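A.B. asks: Attaching a single structure in structure tokens format; questions to follow.
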Amino acid sequence: NNVDNNWYTNLSCTKCLKATIHFLEVIAYEYPEEYNTVRRKTNFQYSETARWKEIIANIYLPEDKELGIFVQHEGYMDKELKSVDEIPAEQRPINQHWSWDRILRSCYIKQSDVLLGLYLYYYEYDEETIRRNFHFYEPKTVHESSLSPFVHSMLASRIGDMDKAYELFMHATRLDLDDYNNEVNEGLHITSMAGSWLAIVKGFAGMQIDNDKLLFEPVIPDKWNAYSFIVNFRNRTIKIKISRTEISVNLM
């Protein structure tokens, strides 16, 4: 917070506008009566979307072309760019030891931000783009949020950094068991539990939806011989098992 032109926020704005335009057209074509009812109630004019398209085309998405990365927000590159391992252990988590002003002035990131955008919109970015941004931002991320380690784990799997992927998967899985953030007395991090599952399915197994079909690009951590999981796709239950020698996909 307290920043201008956050890359992820501005990108999300364009995605929201694009999706709204798309579904307005779908509803107008497939459900014209309902569409006209909504237009009358809201006084909506489709001509408004011209302004939305202008915003989409011109919104500022900060980028450092020399480094080949998307910039977290305006002014981020002017901060003293340090890695998390430079923070003394006795000062972690920093949200329990530093003033809010000091945290905001630092380069440290609480949870995935630019990298969350690269995860959510994976179909728009190639592996090398993800790799450059990951190697720049992950060392500066303190992961003091249950929403962070599993996202980074999935991206690490995608770029083939299996040691980091497994390390972050274990962080997500054991966040409460080992009380990394010294706050388990306040309750459990349900998001990290779901995130651990995602780190397996969309990280290690590389599950994506491509042209309305399931696609898998699996990898396996060195410490595992196999793993399996169940997903529901198009009302069909599918069990996937991945070992070091084979992949099996079975309808249940």
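A.B. asks: Roll a 1.4 angstrom probe over the protein heavy atoms and tell me the percent of accessible area of the chain that is carbon or sulfur.
C.D. replies: 50
A.B. asks: Still on this structure: Using a Gaussian network model of the chain with C-alpha springs under 10 Å, which one of LEU24, LEU188, LEU177 is most mobile by mean-square fluctuation?
C.D. replies: LEU24
A.B. asks: Mind putting a number on the dipole of segment 164-252 about its Cα centre? Charges go on the C-beta only, +1 for Lys and Arg and -1 for Asp and Glu, and I need it in Debye to the nearest 20.
C.D. replies: Here segment 164-252 has a charge dipole of around 580 debye.
A.B. asks: In segment 118-250, if the dipole is taken from +1 on Lys/Arg beta carbons and -1 on Asp/Glu beta carbons about the Cα centre, which of TRP224, ASN250, ALA172 is farthest to the positive end?
C.D. replies: Positive-most Cα among the choices belongs to ASN250.
A.B. asks: Which of rounded, prolate, oblate describes segment 23-119, given a ≥ b ≥ c as roots of the alpha-carbon gyration tensor eigenvalues and a/c under 1.5 marking rounded, otherwise prolate only if a/b is larger than b/c?
C.D. replies: Prolate, because a/c is 1.5 or more and a/b exceeds b/c.
A.B. asks: Just subtract the alpha-carbon distance of CYS16 and THR49 from 0.36 nm times their residue separation and send over the number in nm, one decimal.
C.D. replies: 10.7 nm
A.B. asks: Can you show me the helix-derived [θ] at 222 nm for the chain, built from DSSP H runs with n ≥ 4 at -39,500 (n - 2.57) apiece and divided by the number of residues, rounded to the nearest 500.
C.D. replies: Dividing the helical sum by the residues of the chain leaves -12000 deg cm²/dmol.
A.B. asks: Rounded if a/c is under 1.5, else prolate if a/b is larger than b/c, else oblate: which is the chain, with a ≥ b ≥ c the root eigenvalues of its Cα gyration tensor?
C.D. replies: Taking the square roots of the gyration eigenvalues as a ≥ b ≥ c, the chain is oblate.
A.B. asks: What is the magnitude of the charge dipole of segment 1-156 about its Cα centre, with +1 placed on the Cβ of each Lys and Arg, -1 on the Cβ of each Asp and Glu, and no other charges, expressed in debye to the nearest 20?
C.D. replies: Magnitude of the dipole: close to 420 debye.
A.B. asks: Another question, if that's okay. Please work out how much length the chain gains when fully extended from TYR125 to MET77, using 0.36 nm per residue of separation minus the C-alpha to C-alpha distance, in nm with one decimal.
C.D. replies: Here the answer is 15.1 nm.
A.B. asks: Now for a different question. With θ set to phi - 60° and the Karplus curve 6.51 cos²θ - 1.76 cosθ + 1.60, what are the ³J(HN,Hα) couplings of segment 100-116 in order, to the nearest whole Hz, using x for Gly and Pro?
C.D. replies: Per-residue couplings from phi come out as 4, 4, 5, 4, 5, 7, 7, 8, 6, 10, 6, 8, 4, 10, 3, 5, 5 Hz.
A.B. asks: I've got another one for you. Toward the positive end of the charge dipole of the chain, about the Cα centre and with charges on Cβ (Lys, Arg +1; Asp, Glu -1), which of VAL3, TYR31, MET77 goes farthest?
C.D. replies: TYR31
A.B. asks: Another question about this same structure. At 24 angstrom or more along the helix axis (alpha-carbon based) and mean Kyte-Doolittle of -1.0 or higher, what helices does the chain contain? Whole DSSP H runs only.
C.D. replies: Qualifying helices: 7-30.
The values are calculated or read from the model by the stated rules, or taken from the named source; none is laboratory data. Quick caveat: nothing in here was measured; it's all calculated off a predicted structure. Positions of Cβ are generated from backbone atoms using ideal geometry, with glycine treated the same way; all protein chains shown enter the neighbour counts. Note: accessible area is taken over every heavy atom of the protein model, side chains too, but ligands, DNA and RNA are not part of it. Shrake-Rupley method; radii C 1.70, N 1.55, O 1.52, S 1.80 Å.
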